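Engineer: Take this structure, written in structure tokens, and hold onto it; I'll ask about it next.
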Amino acid sequence: MKKIPKLLFLGYFILILLISSCSASDIGIVTESHIIDITNSETGLLVEENILLNNTGPYTVTSIRFWIQQDIKDVKIQVVESGDLINPIITGNTREVNLTDTNYTIKPGNKLEILLSYTLSTNTKNFEKRTFYEVSILSINFNKEELYKGENVQADSYLKLRLYKPTEAPLSITLLIIIFAVVVILISTILLLLRKQRKKVKKSIVESGEILNTKKALLMSLLKDIEKQHRSKSISDDTYNKLKDEYKQQAVEAMKKLEDLK
């Protein structure tokens, strides 16, 4: 009869050890600092979360969890010290990493720095974050402007921060390039039209009135002169015909312009 209590005590002790080892996978974890930087990129909004984890508990931490909002892509979880990428198990918004598989378990009193990066759509209006662990310092920045800064943030806290003011709208780089190109084309077209108009005005002023009459008289005189030289055989038939056609055409154009002025 006395052996039964001993067996019960031994079984109870073993059960406690099993429960402790199963449930202590991330017990004791505290986030010393969680710095989140959000910046515009060619593919969307790049989010980089620098997370410093500290094991303050009595057990070795064998897994860690992260919460990421919906509609994201290109997720990477990297150990800062080694640069190694580690693959998580995805359950809804939760990413859980088994540290035993990657040889990055956190012993009591030790720390692990993680870089979590992913991309949000350019049209994302709000940034969301839920904490699984207590956070000593939490900082969230958007394009180097501070959106949020808090200390001693409790575990399982939820934040929803607006990225753009109501009057603002996120513009993609492609859209900005298109707008710039359209503006350049419009300015170039206007300048070209103004230049053509100036040339027409300038030409009409230069070739007006007295100048056209003088030009006409000179051309008629040249026609008579080359005709005399042709008769005296000072110039060849070929030269005479070329000069005659050229001067005659210019004289006709001058007479047309004089008629237009009248």
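Engineer: Gain in length, K125 to T239, computed as 0.36 nm per residue apart minus the alpha-carbon separation, to one decimal in nm?
Structural biologist: Values: separation 114, 0.36 × 114 = 41.04 nm, distance 8.03 nm.
Gain on stretching K125 to T239: 33.0 nm.
Engineer: Simple spin-label model, 7 Å along Cα-to-Cβ: L115 to T43 in nm?
Structural biologist: The modelled label-to-label distance comes out at 1.5 nm.
Engineer: With the Cα gyration tensor of region 25-170 giving a ≥ b ≥ c as the square roots of its eigenvalues, does the rule (a/c under 1.5 for rounded; else a/b larger than b/c for prolate; else oblate) give rounded, prolate or oblate? Display every interim value, and only then the final one.
Structural biologist: Values: a/c = 2.18, a/b = 1.63, b/c = 1.33.
Prolate shape, in that a/c is at least 1.5 and a/b is the bigger ratio.
Engineer: Put a dot 7 Å past each Cα toward the Cβ at D225 and N213; how far apart are the dots in nm?
Structural biologist: Taking the two extended label points, one gets 2.1 nm.
Engineer: Something else about it: Taking Cα pairs under 8 Å and at least six residues apart, what relative contact order does region 174-261 come out at, in percent?
Structural biologist: In percent, rounded to a whole number, it is 34.
Coordinate-derived values only; no laboratory data. Source: prediction; values computed, not measured. Methodologically, a virtual Cβ is constructed for each residue, glycine included, from the backbone with ideal geometry; neighbour enumeration extends over all protein chains shown.
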